[in-house]
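Peer 1: After the structure tokens below, expect a handful of questions from me.
The values are calculated or read from the model by the stated rules, or taken from the named source; none is laboratory data. Just so you know, these numbers come straight off a predicted model, no measurement behind them. Because the Cβ atoms are built from the backbone with ideal geometry, glycine has one as well, and the counts that use them run over all protein chains shown. Keep in mind that these areas ignore ligands, DNA and RNA; they rest on the heavy atoms of the full protein, side chains included. Shrake-Rupley method; radii C 1.70, N 1.55, O 1.52, S 1.80 Å.
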Amino acid sequence: RHWEKLFGAIGQNFFPQMTFSLEQLLGWNIMSKKDEVGDASATASGEHLLEEAIEKIKSGWDSTNFTLLPYRDSKDVFILTALDDIFVQLEDHQVALQTMLGNRYITGVREEVEKWAKKLSLLSDTLDEWVQCQKSWMYLETIFSAEDIQKQLPKEAAKFQAVDRQWKETLRETNENPQVVECVSKGDILCKIFQNSNKTLDDIQKS
């Protein structure tokens, strides 16, 4: 895109994958466009640094996985643990992306930066709902494992069982594929699931 701009400045057609020499550029009077060359060079260098920063963020999340533990020594029921490093990385990368959006050379890479800013914002919301759901689920699971409570609160027990099934299924899938960004690969579906679960669990606790 930078060469295309320069070729336009010297009145020449440019197309991807074309080859040309310095001699040709000189023949096309490139030396009369030193300001345009300087601007294009600075912009290309600035965008390259931003692209490298984005790639670092991508590779960082590619290698970031959830740590799960069996719940009460169960073989197929899991909970998340050791989330501190994930939240620190998430906050650092969100700050980095916001800084990039204020960079003077953002124009050429804005779309990719905004895509990741949106993805990490959704990840942050999803994790917040997830952690809250885990706390409530663990608290209520202990209560509703007692048969007398199930008999005393049949409606609440039925509501909890529905959330319980969803929770166990989600965590089993996460255990099979623990990559953190995978939880937002389908958009806000998981976030909405946890939002609904949290509302249900909150209603149960009030009862």
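Peer 1: Assuming 0.36 nm per residue, please report the length gained on full extension of the stretch Asn177 to Ala162 beyond their Cα-Cα distance.
Peer 2: 3.1 nm is the gain from fully extending Asn177 to Ala162.
Peer 1: Can you give me the relative contact order of segment 1-150 as a percent, contacts being Cα pairs under 8 Å and 6 or more apart?
Peer 2: This gives 16 percent for segment 1-150.
Peer 1: Using a 1.4 Å probe on the protein chains only, how many percent of the accessible area of the chain belongs to carbon and sulfur?
Peer 2: Carbon and sulfur atoms account for 49 percent of the accessible area of the chain.
Peer 1: Straight-line reach from Lys199: which lysines fall under 25 Å, measuring Cα to Cα and dropping same-chain residues less than 8 apart?
Peer 2: The reachable lysines, counting only those whose Cα sits under 25 Å from Lys199, are Lys118, Lys119, Lys135, Lys151, Lys155, Lys159, Lys168, Lys186.
Peer 1: Another question about this same structure. Based on DSSP H runs of at least 4 residues, each adding -39500 (n - 2.57), what is the mean residue ellipticity at 222 nm of the chain after dividing by all its residues, to the nearest 500 deg cm²/dmol?
Peer 2: Theoretical 222 nm ellipticity from helices: -23500 deg cm²/dmol.
Peer 1: What's the angle, to the nearest 10 degrees (0 to 90), between helix 34-62's Cα axis and the longest principal axis of the chain?
Peer 2: Taking the Cα atoms of the chain, the angle to 34-62 is about 20 degrees.
Peer 1: How tilted is helix 154-176 with respect to the longest principal axis of the chain? Cα atoms for both, answer in degrees (0 to 90, nearest 10).
Peer 2: Relative to the chain, helix 154-176 is tipped by roughly 40 degrees.
Peer 1: Now a separate question. Can you check how the C-alpha radius of gyration of the chain compares to 2.2 N^0.38 Å, as a plain ratio?
Peer 2: Compared with the compact-globule rule of thumb, the chain sits at 1.57.
Peer 1: Here's something else I'd like to know. Round to the nearest 0.05 the FRET efficiency obtained for Gln24 and Thr99 when R0 = 30 Å and r is the Cβ-Cβ distance.
Peer 2: 0.15
Peer 1: Rank these residues by their accessible area, most exposed first, probe 1.4 Å: His48, His93.
Peer 2: Correct descending sequence by accessible area is His48, His93.
Peer 1: Also, I was wondering about something else. Accessible area per residue for segment 55-207 in Å², computed with a 1.4 Å probe and the full protein assembly in place, what is it?
Peer 2: The answer is 59 Å² per residue.
Peer 1: To continue, here is another question. Compute the acute angle (0 to 90°) between the alpha-carbon long axis of helix 189-206 and the principal axis of greatest extent of the alpha-carbon atoms of the chain; round to the nearest 10°.
Peer 2: Roughly 30 degrees between the two axes.
Peer 1: Now, a different point. Please give, to one decimal in nm, the separation of the simple spin-label points placed at Asn196 and Asn13, each 7 Å out from Cα toward the Cβ.
Peer 2: Going from the Asn196 label point to the Asn13 one covers 5.6 nm.
Peer 1: Let me ask another. Taking the chain as a Gaussian network, Cα atoms linked when under 10 Å apart, which of Leu26, Leu68, Leu120 shows the biggest mean-square fluctuation?
Peer 2: Highest fluctuation of the listed residues: Leu26.
Peer 1: So, how do all the Cα-to-Cα distances of segment 103-207 break down into 5 Å bins, in percent, from 0 on up?
Peer 2: 2, 11, 19, 19, 14, 11, 8, 6, 4, 3, 2, 1, 1
Peer 1: If you scale each eigenvalue of the Cα gyration tensor by 5 and take the root, what three semi-axes come out for segment 1-73, rounded to whole angstrom and sorted largest first?
Peer 2: Computed over segment 1-73, the values are 47, 13, 8 Å.
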